[in-house]
1. If you go through the stretch 45-76 one residue at a time, how many are surrounded by fewer than 24 Cβ atoms within 10 Å (Cβ to Cβ) and free of Cβ contacts under 8 Å to residues at least 40 places away in the same chain?
2. I need the full set of residues from the stretch 231-270 which are surrounded by fewer than 18 Cβ atoms within 10 Å (Cβ to Cβ) and within 16 Å of ligand 2 (Cβ to nearest atom), in order please.
3. Cβ contacts < 9 Å: first residue in a strand (DSSP E or B), restricted to the stretch 158-175; second residue within 16 Å of ligand 2 (Cβ to nearest atom), any location; separation 6+ or different chain. Result?
4. Looking at the stretch 171-188, which of the residues that are of a type in the set (Gly, Ala, Ser) and buried (at least 24 other Cβ atoms within 10 Å of the Cβ) is farthest from ligand 4 (Cβ to nearest atom)?
5. Can you list the helices (runs of 4 or more DSSP H) lying wholly within the stretch 188-292 that have 2 or more residues being of a type in the set (Asp, Glu) and modelled with pLDDT of 95 or more?
6. Pairs, please: C-beta under 7 Å, at least 6 apart or cross-chain, first residue exposed (fewer than 15 other Cβ atoms within 10 Å of the Cβ) and in the stretch 272-292, second part of a loop (DSSP other than H, G, I, E, B)?
7. I'd like the residue in the stretch 222-246 that is under 19 Å from the mean Cα position of the chain (by Cα) and of a type in the set (Val, Ile, Thr) and, out of all such residues, is farthest from His190 (Cα to Cα).
8. Would you mind telling me which numbered condition in (1) under 15 Å from the mean Cα position of the chain (by Cα); (2) closer than 22 Å to His135 by Cα; (3) among the small types (Gly, Ala, Ser) Ala77 fails?
Amino acid sequence: MRIDLHTHSRASDGTQSPAELVRAAVEAGLDAFAITDHDTAEGWKEAAETATDVGITLVRGMEVSTRHQHRGVHLLAYLPDPDYPPLAAQLTRIIAGRDSRVPAMVDRLNELGFGITLADVLAASGEAAAIGRPHVADALVTLGVVADRNEAFARFLSAGRPAYADRYAAPLADMVDIVTAAGGVSVVAHPWGRHQRSSLDEASLAELAERGLAGIEVDHQDHDADARDALRAVARNLGLVATGSSDYHGLGKNDHELGVNTTNPEEFTRLLALADAAAARSGRRTPEVVNR
Ligand code: AMP
Ligand code: ZN
Ligand code: FE
Ligand code: FE
C-alpha cells in the first residue's frame, strides 16, 4: 500500500486540475492519496468523481493557513464538513486575505520596476480558489523576470524579501478545535520545515495533542533525517499519528514527486478511525473516503 496524504491541484497552487492530479496519482502507483489544496474544498468534487471512475482511494482534505506565536503553521484537515459554519467562516476570511494582498505585492513589484499587473497574476491563477505567491511567481516567469517559482521566492516573495506581503491566518489551536467540531481530523504539516522548530516545539505539540490534534507530518521533503527521527519520537511520545507525504504541486515544486514520502498503512488506519470517531461525535455531514 502506497499512501500519500498531501497534494495540491490548480484549486490552489498546484499545476494540474483535480482530475489530472487523480490520474497522476494512479500513474505514480499510489493506492490512496489525499487532495489538500490550500484553504479550499473547491477541488473535492472533481477529484472524487475522477477517483470513483479510476478506482483509487481518495481522502478529501485541505491545508489550512494558521498562525501560532506569530509564525505561519500549515494545518492539514482531513474529512471535515467544509460547510460547518465556523470552518466556512475562517476559510472565507483566509481567502479574502489572500485576494487582498495580491495588489500589494503587484504594487511592490512595480516599484521595483517590473511591469506586472493584477491581470497578469489573475491569468496565472486561472480557476484557483486560493490565490498565492506561487501565482505571482508564475506571472513573473511569463513576463521573463525570473526562470521559475524558486527564483521568484528567493528574490522577491519569501518573507523578508521586497515584494512580500503578509495575510490573515487562523489561530492554530482554534483551528484544531474547529476541524474536530467539523467532524474531521487535523495533522500539522511539515512542523519542523524551514524555520518553524523554535515556535512549534514539543511542548506546543503536546498542548495541541491534548486539544485533539490527530497527527504530525513526519516524512516530508522539508525535514532532514534528524528532524524526521526527532518528530517520529515526538509522535510516539504524544500518541500522535505519524504521516508521510509528498506535498506534490505538479510542476510547481521541484523534488516533491507523488509518493516521494508515504504514510504507513497502520498509521493511515489509525487516522481514519480518529476521523470516524470525530465525524460521529460532530453530527456533521462529512465526506466519505472514496473507494475506502
Ligand atoms: P502562500 O500560499 O502565498 O503563502 O505561498 C506559500 C506557498 O508557496 C506554499 O504552497 C509553498 O509550497 C510555496 N512555496 C514556497 N516557497 C516556494 C519555492 N521556493 N518554490 C515554489 N513554491 C514555493
Ligand atoms: Zn502550496
Ligand atoms: Fe505547506
Ligand atoms: Fe502543501
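1. Total meeting the criteria: 6.
2. Leu251, Asn254, Asp255, Glu257, Val260 - these are the residues of the stretch 231-270 that are surrounded by fewer than 18 Cβ atoms within 10 Å (Cβ to Cβ) and within 16 Å of ligand 2 (Cβ to nearest atom).
3. Ala170/Val64; Ala170/Ser65; Ala170/Thr66; Ala170/Leu75; Ala170/Leu91; Ala170/Ile94; Pro171/Thr66
4. Taking the candidates together, the pick is Gly183.
5. Result: 202-211, 265-282.
6. From the stretch 272-292, the pairs are Arg285/Asp81; Asn291/Gly55; Asn291/Ile56.
7. Val241
8. Unmet for Ala77, out of (1) under 15 Å from the mean Cα position of the chain (by Cα); (2) closer than 22 Å to His135 by Cα; (3) among the small types (Gly, Ala, Ser): (2).
The values are calculated or read from the model by the stated rules, or taken from the named source; none is laboratory data. Just so you know, these numbers come straight off a predicted model, no measurement behind them. Ideal geometry is used to build each Cβ from the backbone, glycine not excepted, and the neighbour counts take in all protein chains shown.
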